[in-house]
Amino acid sequence: MLPLAFAFIVFLFLLVGAVAFVLSALVPRLRRFAFSSSLWIAVWGPCTVLLVTLAGVGIFTGAAITQGGHLQAVRAPQLLKAVGWSYLVCGVLGTLVVATATAWIHQALIQRVTFALFRIYATLVAGGIGSVFGWAFGWWIAAHSLSHGWALWLASMLVLIPAFGVAAYKSAGQLRETHPPISPGSPPKNLPDRDSRKPRLRPDLADLHIAPTRIPIYHEPCLTFESRNVQPSSNVVCIL
């Protein structure tokens, strides 16, 4: 029964995390934190199991020491009364630190990986979140003893997992609020062309073919000057 109780605790936090993912994905301002918020809640499940296990080990170890190894004569007290409020507060604070650090590291990592890798990651994780809802629906079917319950559960799994995966694959850019990297020299695909946003008032200079032209040169005679010691020279042609 104890392993089943631990599995139920972990699944309960997974289900709450899946609901938090859906609610965060529906809000545009919180969409980029959808995966991290669900992970923050899901971490509480294993941490709670670890705290309960450590508390149980501590209680039975103390009882074994004080009772001389006769554990069969020891009555199991209430967990909170046995371990005390200090252990509970320290456990909650420790779990809060671990969950927050895990979610922060996860958010930093998904912002640094490439968009193609993040799209694959989002598809797989979203499919897993869909399977959590499928398992919850299966447990609900088992609790109500519905006819053809296995068929209904299998059909729900086949619908929820691909639906969540495809939705995450198509909206991966919105879940991270980043776009694929643009290679140098290529314009963005989503932005309109620079020349298409306004009418072209003049042709491109690259489209003009300027032929070489000849500039006429005019020759005009210049006046000559005579001096006492210099012989008069002939007319000099200067180029202007």
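Structural remarks
- Label zone at residue 112, where the point sits 7 Å out along the Cα-to-Cβ direction: the stretch 26-58 residues whose backbone N lies under 20 Å: 32-37, 39-40
- Taken along the Cα-to-beta-carbon direction at a fixed 7 Å, the label points for residue 7 and residue 102 span 2.0 nm.
- Sequence-ordered 3J(HN,Hα) estimates for the stretch 147-155 from the Karplus curve with 6.51, -1.76 and 1.60 and θ = phi - 60° stand at 6, 6, x, 5, 5, 5, 5, 5, 5 Hz, glycine and proline given as x.
- What the Cβ-Cβ distance of residue 61 and residue 124 gives, at R0 = 45 Å and to the nearest 0.05, is a FRET efficiency of 0.65.
- Each label was represented as a point 7 Å from its Cα along the Cα-to-Cβ direction; for residue 89 and residue 146 these points are 4.7 nm apart.
- Hz values of 3J(HN,Hα) by residue in the stretch 160-174 - Karplus curve (6.51, -1.76, 1.60), Gly and Pro given as x: 6, 5, x, 5, 5, x, 5, 5, 5, 5, 6, 10, 5, x, 6
Every number here is computed from the coordinates shown, using simple stated rules; none is lab data. Everything quoted here is computed from the prediction, not taken from an experiment. Using ideal geometry, Cβ is built from the backbone for each residue, glycine included, and neighbour counts are taken over all protein chains shown.
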